[in-house]
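Chemist: Before I ask anything, let me first share the structure, which is written out below as structure tokens.
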Amino acid sequence: MTIRVLLADDQHSVRFGFRTILGAATDIKVVGEAADGATALALTQRLRPDVVIADIRMPGMDGLELTRRLCAADAPVATRVVVVTTYDLDAYVHTALRHGASGFLVKHSGPALLAEAVRAAVAGDALISPTVTVRLLRQLSRATSAPTRNPEPALSDREMDIVSLVADGLTNPEIGARLFITAGTVKTHLASVQRKLRVRNRVGIAQWAWETRAHTWTPGAPGREAP
């Protein structure tokens with residue numbers, strides 16, 4: 001399957017760079033470009049890309065508002081959004097993820113991460129720049145005034161194992177190797193967790209884990225209550 005991507009950035013040089021990087025991937029095709037959010041929104045409705053790569057700072061409608069509209073429950077087109085920016089400010093990160101972004105990258109993250117973020121978005125996962133991830137999760141942890149001892153809805157011990165490892169940043173294959181199960185089984189459990197927690201992707205799972213202190217659960221400890 002070829003992943004169809006729309007680029008939204010007000011700088012031509014940045015769009016050219018992204019197009020060049022993604023053009024080197026055999027499974028990704030750039031189908032359109034926009035220099036502002038309003039144009040990106042219109043092109044998304046017309047071209048129906050699988051993923052929109054959106055810069056935050058654009059004239060008129062910025063990338064955060066574009067993300068909110070494209071990821072809304074009543075959005076006319078089902079597409080994923082990966083937000084990119086030069087400024088990895090916490091307010092940007094939180095807003096982008098709350099609006100439903102399937103990834104958050106700073107522009108100096110490197111070419112490999114850009115393509116991987118596109119693939120992760122289509123797979124229902126999420127990729128966040130490593131420089132942002134730890135700071136984001138620590139901030140979420142500090143923001144919670146007290147741990148929730150019995151978080152709702154209740155998850156099985158195996159689901160709690162997986163949630164804890166997702167919060168640590170492990171991929172599906174890494175989780176499978178740790179728990180001696182297949183990556184496909186991990187994916188099935190993650191789908192169940194997303195339904196129970198009512199979150200869009202593994203970023204939402206990680207947020208829930210840190211907000212409820214569920215990240216302190218010890219994988220492989222059957223019958224143990226989540227903190």
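Chemist: If you take the residues in region 59-76 that are out of contact with any strand residue (DSSP E or B) (no Cβ under 7 Å at 6 or more places or on another chain) and at pLDDT 90 or above, which one is surrounded by the fewest Cβ atoms within 10 Å (Cβ to Cβ)?
Modeler: Applying the filter and picking the extreme gives PRO59.
Chemist: Then there is this: Kindly check whether there is at least one residue in region 195-213 that is more than 19 Å from ARG98 (Cβ to Cβ) and modelled with pLDDT of 80 or more.
Modeler: yes
Chemist: Let me ask something else about it. Does GLY169 satisfy the condition of being modelled with pLDDT under 90, within 16 Å of the chain's Cα centre (by Cα) and outside any helix (DSSP H, G or I)? Spell out the reasoning first.
Modeler: Values: modelled with pLDDT under 90: yes; within 16 Å of the chain's Cα centre (by Cα): yes; outside any helix (DSSP H, G or I): yes.
So GLY169 passes the test.
Chemist: Quick one: is ASP55 surrounded by 19 or more Cβ atoms within 10 Å (Cβ to Cβ) and charged (D, E, K, R)?
Modeler: yes
Chemist: Conditions first: (1) modelled with pLDDT of 75 or more; (2) touching a Lys or Arg at 6+ places or on another chain (Cβ under 7 Å). ALA126 passes all but one, so which condition is the exception?
Modeler: (1)
Chemist: Give the residue, chosen from ASP55, ASP62, ASP74, that is in contact (Cβ under 8 Å) with a residue 24 or more places away in the chain and more than 16 Å from PHE18 (Cβ to Cβ).
Modeler: Criteria check complete, one pass: ASP62.
Chemist: May I pose another question? Just a yes or no: is a residue in region 141-153 of a type outside the set (Lys, Arg), open to solvent by 30 Å² or more (accessible area, probe 1.4 Å) and at pLDDT 75 or above?
Modeler: Taking every residue of region 141-153 in turn, none turns out to be of a type outside the set (Lys, Arg), open to solvent by 30 Å² or more (accessible area, probe 1.4 Å) and at pLDDT 75 or above.
Chemist: Taking THR26 as meeting all but one of (1) at pLDDT 95 or above; (2) among the β-branched types (Val, Ile, Thr); (3) not in a helix (DSSP H, G or I), write down the number of the exception.
Modeler: For THR26, the failing item is (1).
Chemist: Sticking with this one: Return the residues of region 176-203 that are closer than 21 Å to VAL118 by Cα and surrounded by 19 or more Cβ atoms within 10 Å (Cβ to Cβ); say none if nothing qualifies.
Modeler: Once the filter is applied, which keeps residues that are closer than 21 Å to VAL118 by Cα and surrounded by 19 or more Cβ atoms within 10 Å (Cβ to Cβ), region 176-203 yields VAL186, LEU190, ASN201, ARG202, VAL203.
The values are calculated or read from the model by the stated rules, or taken from the named source; none is laboratory data. All figures in this text were calculated on a predicted structure; none of them were measured in a lab. Neighbour counts are summed over all protein chains in view; Cβ atoms, including those assigned to glycine, are modelled from backbone coordinates with ideal geometry. Side chains are part of the model used for accessible areas, which takes the heavy atoms of the whole protein and leaves out ligands, DNA and RNA. Shrake-Rupley method; radii C 1.70, N 1.55, O 1.52, S 1.80 Å.
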